[in-house]
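Notes for the one structure printed next.
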Amino acid sequence: MDATPITAATQAPVIHPSAVVAPGAAIGPGCRIGPFCSIGPDAVLEQGVELVSHVVVDGATRLGAGVRVLPFAAIGTPPQDVKYRGEPTRCEVGRGTLVREGATIHRASVGGGGVTVVGTGCMIMAMAHVAHDCQVGDGVILANNVMLGGHVHVGAGAFVGGGAAVHQTVRIGRLAMVSGLAGVTNDIPPFGYVFGLPARLVGFNRIGLLRRGATREQIRTLRTAHNLLFKEPGEFAAKLESAADRFAGEALVEELIAFVRDPARRRQLVRPGRMAAPELGGVDEENGEGA
């Protein structure tokens, strides 16, 4: 573990005189803590964390190596949950994540798993909010003013556009893409692309898949399965079983089906709608790719 109590050892942290670091906080080597930051006694900052200025790190919060936090962000502050009574809960931010100006990441409530998690290599843009008990996967981007309600799960590599609001307990699958200003009240399957208020499923994130190494053959197979499940008429459970049989062994389709079948799901999938016009930031129906 890279974090150690403050010492004058090699690569000692650089802490501005105006910063307030409570006794008990563990500050790793190479950390830089700028003006007017406040760090609570249970915080752990691993090697090379930078708090630029006016940053609050509260509660039992761990910032992974190389995390960078810009001014006026608050991490690990208490959940906005009227049932919370100060119970010991945690917040974790993975290594290499960037937290921009004014973003907020709250520690968990006792009604969830006891920890709010933001994964490695994420970007949490200005004024975005990650509520209590959220689980945000590696490489996720939350654009400006995104609002995640409590207990939201966001799969690795997903992108949530500016101003989107995600209802509590919603799951967003891996590599899904949410358009700006969308109102997300239901689950989004892996690789799905949603648009609108209320958000509707209009395609899948072909470009994101290609950028992460999916083959064109895998894309074609996924498009066929996606059309079967979300565009063709029929009872959804029957279509799901048909897809499971037809595409057995196809990894991307199996991941999609497993997400839908997950017994822990709290909400139904986003209901499919008409294909959005490309000029509205929608999807190329033939290619199934996000704008």
* Asked: Can you name the number of the only condition in (1) touching a residue at least 60 places away in the same chain (Cβ under 8 Å); (2) in the same structural domain as residue 270 (by TED's automatic domain parsing); (3) out of contact with any strand residue (DSSP E or B) (no Cβ under 6 Å at 6 or more places or on another chain) that residue 222 fails?
  -> (1)
* What's the number of the condition residue 237 fails, among (1) at pLDDT below 95; (2) more than 16 Å from residue 260 (Cβ to Cβ); (3) not in a loop (DSSP other than H, G, I, E, B)? -> (2)
* To do: Can you work out which of the residues in region 71-114 that are under 14 Å from the mean Cα position of the chain (by Cα) and of a type in the set (A, V, I, L, M) is nearest to residue 155 (Cα to Cα)?
  => 93
* Asked: Is it true that residue 53 is touching a Lys or Arg at 6+ places or on another chain (Cβ under 9 Å), modelled with pLDDT of 95 or more and assigned to a loop (DSSP other than H, G, I, E, B)?
  -> no
* Would you confirm whether any residue within region 269-289 is at pLDDT 70 or above, of a type in the set (Asp, Glu) and either outside the structural domain of residue 113 (by TED's automatic domain parsing) or in contact with a strand residue (DSSP E or B) (Cβ under 6 Å, 6 or more places away or on another chain) (or both)? => no
* In this structure, is residue 254 outside the structural domain of residue 137 (by TED's automatic domain parsing), surrounded by fewer than 18 Cβ atoms within 10 Å (Cβ to Cβ) and among the acidic types (Asp, Glu)? -> yes
* Give me the pairs: first residue in region 246-266 and more than 14 Å from residue 172 (Cα to Cα), second residue among the hydroxyl-bearing types (Ser, Thr, Tyr), beta-carbon distance under 9 Å, and six or more apart or on different chains, which are they? -> 246/224; 247/221; 247/224; 250/221; 252/221; 253/221; 253/224
* To do: Determine, yes or no, whether residue 32 is within 25 Å of residue 132 (Cβ to Cβ) and either buried (at least 17 other Cβ atoms within 10 Å of the Cβ) or free of Cβ contacts under 8 Å to residues at least 40 places away in the same chain (or both).
  => no
* Asked: Out of region 166-180, which residues are under 22 Å from residue 209 (Cβ atoms) and either in the same structural domain as residue 142 (by TED's automatic domain parsing) or without any contact (Cβ under 8 Å) to a residue 60 or more places away in the chain (or both)?
  -> 166, 172, 175, 176, 178
* Structure fact -> Of those in region 213-234 that are at pLDDT below 95 and of a type in the set (D, E, K, R), the residue surrounded by the most Cβ atoms within 10 Å (Cβ to Cβ) is 231
* **Only one of 150, 180, 163 that is in a loop (DSSP other than H, G, I, E, B) and either at positive phi or modelled with pLDDT under 95 (or both)** => 163
* State all residues of region 128-146 that are in contact with a Gly (Cβ under 8 Å, 6 or more places away or on another chain), in a loop (DSSP other than H, G, I, E, B) and either surrounded by fewer than 24 Cβ atoms within 10 Å (Cβ to Cβ) or of a type in the set (A, V, I, L, M, F, W, C) (or both); if no residue qualifies, say none. => 131, 134, 137, 138, 139, 140, 143, 144, 145, 146
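The values are calculated or read from the model by the stated rules, or taken from the named source; none is laboratory data. In this text, all values refer to a predicted model and were calculated from it rather than measured experimentally. Counting neighbours? That spans all protein chains shown, and the Cβs are built from the backbone with ideal geometry, glycine included.
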